[in-house]
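What follows is one structure encoded as structure tokens, with my remarks underneath.
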Amino acid sequence: MLDGTKMNHDNDKHSDPGHEMSDVSIGGLVKFLVVLTVSTIVIFVAMKYYTNFLEGQEEQAELPPASRVNPPGVRRLPPMPRLQGAPGSEVLPLDEMKLYREQEQAALTSYSWVDKGTGVVRIPIEEAKKIVLEKGMPVPSPTAAAAKGK
């Protein structure tokens, strides 16, 4: 071989390189892709119809509500007391808080009777502070504290 002698090339038939005839058939590949695409579309459409059919079955088999107390479409309010801002509540929470603060402020800044029979009155808080500063806090006597403890 390496001695310079000419090799016998009896198999020179394959000197023209090309493609093998046993490779994948283009026609078969195209047919496969067409069948795959058509099958996918048919399956998709069939699943869509089947899903719609099952949804219709589910709607027909839906059970009535478990409670007949409030049938659908009828709205009843819960018994009192209700939460602030809940349906049926006449006053909103912020408005109710504003009203409460106004009432408390009026009680702290005005004169009124607490118990007319015993002569107990309510005086404004600022007035009460002045009286406490002038006269001081009352100190309970030891006998009064012992009487309360019994």
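Coordinate-derived values only; no laboratory data. Everything numeric in this text was worked out from a predicted model, so none of it was measured. All Cβ positions, glycine included, derive from the backbone under ideal geometry; neighbour counts span all protein chains shown.
Some observations on this one:
- Taking amide hydrogens as placed 1.01 Å from N in the peptide plane, the amide H of R122 sits under 5 Å from those of S112, W113, V114, each at least 5 positions away in sequence or on another chain.
- With each label modelled as a point 7 angstrom along the Cα→C-beta vector, the V45-I125 pair spans 8.0 nm.
- Taken along the Cα-to-beta-carbon direction at a fixed 7 Å, the label points for K116 and L54 span 7.9 nm.
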